[in-house]
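Here the structure is laid out as structure tokens; the discussion comes afterwards.
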There are 4 protein chains.
Amino acid sequence: MEFSCESVVRLYDSDAAGFLFFGAQFRFAHEALEEFVAHIGQPIGATIRDRDVLFPVVHAEADYRVPLAVGDRLSVKVVVRALGDRSFSMAYRLLLADGREAGSVMTVHASVSAATGLSCPLPERVRTAFAPYLTAS
Amino acid sequence: MEFSCESVVRLYDSDAAGFLFFGAQFRFAHEALEEFVAHIGQPIGATIRDRDVLFPVVHAEADYRVPLAVGDRLSVKVVVRALGDRSFSMAYRLLLADGREAGSVMTVHASVSAATGLSCPLPERVRTAFAPYLTAS
Amino acid sequence: MEFSCESVVRLYDSDAAGFLFFGAQFRFAHEALEEFVAHIGQPIGATIRDRDVLFPVVHAEADYRVPLAVGDRLSVKVVVRALGDRSFSMAYRLLLADGREAGSVMTVHASVSAATGLSCPLPERVRTAFAPYLTAS
Amino acid sequence: MEFSCESVVRLYDSDAAGFLFFGAQFRFAHEALEEFVAHIGQPIGATIRDRDVLFPVVHAEADYRVPLAVGDRLSVKVVVRALGDRSFSMAYRLLLADGREAGSVMTVHASVSAATGLSCPLPERVRTAFAPYLTAS
């Protein structure tokens, strides 16, 4: 299954070269991740407030195929790429209105105990909520 | 008349003190401004692409009343505070779901010729489109 | 007394209109504030880690006089504008290499107990460290 | 040869989980890139102003090994990882004061004609200036 949400390229996402600043693509990815976890009942606000298990990014990567301009409307498609014992990976595709893939992002998140700062097993509630969106590349 | 749009406080809007980084409130204001100008038929993408008249911010200010947390959903209310010969002012109120005003922003924009970089009269098309939203404080 | 530090306008501070995105000027101000408090022995890292008293921004404003381009080198001049019982105000001037004032920023910070979230007296250590930089406008 | 510059983790780089927001690591990388190209006589301000050949990021990736806190001082080490006919790759290592590698970044830049938006050969002046820093991984 795939989760989908909408984004718009804002002035603050652009730079003086005239298009998206590459770092801003990670903003779209994280916005989509926050919408995704809210949708599956694991809202990020509660995760941070509870300070039980956190899921910091340990690896991130992005590809850029089409220069994005201010005002471009994007559909961001989210899937779970991997569900490990102590980590998970997310994949995001940024589609323009005409269907072209403007860019893609991948993030790998560790499961970390907020109390100890150490790696810990992925909570069952996360595994269960994410599982329907697990999609091989 | 008042324009309204929705925003969400994202992880990247927050800081290590646990709440909204103050500078991020200007992101919400500008996002709302971009939605507003799109709504009235003056989309920012075209304004930048045409490079005829630009509207840089010459003054900005913000008040902060309620600490905002990641995941908070905001309704941003936009009005035109002033329409001058060569500038305009916008006011934004950020409302939480329970109706409390979490913060407010004001931005003053000059009308500047992209060719010369000098102040120029506010284009009639902008004045006409903005006028219905002109609201004294 | 005045504190001074250096900054550079980065690509990520600019936008597709070709110059500084207005919100980025608050980044320069906060960078200068962080350098200032480190200089006077009240580093922000410790303030956040200790979670005793925090100093959230309750009001911020900025003026923009010269469009800033990527690569521009700035000297940021910092003074304390006011030292109240439960708040303080900072003023920042952004100077270009040729001495022109490109912009200015003001931030007002409340003194807030991290435990209760309520207003509290400005700690004496802060008042003492800030006092030499108190400068009327 | 390796280029080195200094950075500080700022409040605006952090998030409510208490550490560096992962996207901010790309800010450090680009800041270091801008310092590097200034050092070798190819300042980014001139590149953007001249609008001859631009070097947009077509791929970026980052690894995160140590959580970074506000106030942490970083030494960013920059090398050229590859110099292709129409692209180049940069590698960045973020070192803490105690020598630990907190994170690393890689960016791949295409050589693109600003006039046509199409891929073009890497200018000789860039190849010559970058060559001394070419370092296999």
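The values are calculated or read from the model by the stated rules, or taken from the named source; none is laboratory data. Because the structure is predicted, anything quoted here is derived from the model rather than measured. Note that we place each Cβ from the backbone using ideal geometry, even for glycine, and neighbour counts take in every protein chain shown. Keep in mind that these areas ignore ligands, DNA and RNA; they rest on the heavy atoms of the full protein, side chains included. Shrake-Rupley method; radii C 1.70, N 1.55, O 1.52, S 1.80 Å.
Quick notes on this one:
- In the stretch A:62-77, burial by the other protein chains removes 40 Å² or more of 1.4 Å probe accessible surface, compared with the chain on its own, from A:64, A:70.
- For chain D, the solvent-accessible area works out to 41 Å² per residue, with a probe of 1.4 Å and every protein chain left in place.
- The trypsin sites (Lys or Arg not before Pro) found in the stretch D:83-123 that occupy coil by DSSP, while having at most 14 further C-beta atoms within 10 Å, are D:86, D:100.
- Association of chains C and D removes close to 1400 square angstrom of accessible area from solvent, both sides included, for a probe radius of 1.4 Å.
- Here the accessible area is traced with a 1.4 Å probe on the protein chains. For the stretch C:58-117, carbon and sulfur cover 51 percent of it.
- Point-charge dipole on Cβ atoms (K/R +1, D/E -1) for the protein assembly as shown, about Cα centre, debye to 20: 0 debye
- For chain D: relative contact order, % (alpha-carbon pairs under 8 angstrom, 6 or more apart): 30 percent
- Checking every one of the trypsin sites (Lys or Arg not before Pro) in the stretch A:33-82 against DSSP loop status and a limit of 14 other Cβ atoms within 10 Å picks out A:51, A:65.
- Remark on the protein assembly as shown: hydrodynamic radius 24.3 angstrom, per the Kirkwood mean of 1/r across alpha carbon pairs.
- Distance from the Cα centroid of the stretch B:8-63 to that of the stretch C:70-90 is 23 Å (rounded to whole angstrom).
- Kirkwood Rh in Å, taken over all unlike Cα pairs in chain A: 15.6 Å
- Shortest-first nm distances, residue D:73 label point to equivalent points in other copies (7 Å, Cα→Cβ): 2.0, 4.6, 5.0
- Helix axis angle, C:24-39 relative to chain C longest principal axis, alpha carbon, degrees: 50 degrees
- Spacing of the two label points (7 Å from each Cα toward its C-beta) at residue D:51 and residue B:97, in nm: 4.6 nm
- Spread over its residues, the convex hull of the C-alpha atoms of the stretch D:96-137 is 132 Å³ per residue.
- Between C:107, C:47, C:116, the residue with the greatest mean-square fluctuation in the GNM of chain C (Cα pairs under 10 Å linked by springs) is C:116.
- Nearest-to-axis residue in chain A, judged by Cβ distance to the rotation axis that brings A onto D and given in whole Å, is A:61, 2.
- Extending 7 Å from the Cα toward the beta-carbon at both residue C:6 and residue A:2 defines two label points whose distance is 5.0 nm.
- Where a label projected 7 Å from the Cα of residue D:135 along Cα→Cβ would reach, residues of the stretch D:1-22 with amide N under 18 Å: D:1-7
- For the stretch A:56-137, the Cα gyration tensor yields ellipsoid semi-axes of 29, 14, 10 Å (square root of five times each eigenvalue, largest first, whole Å).
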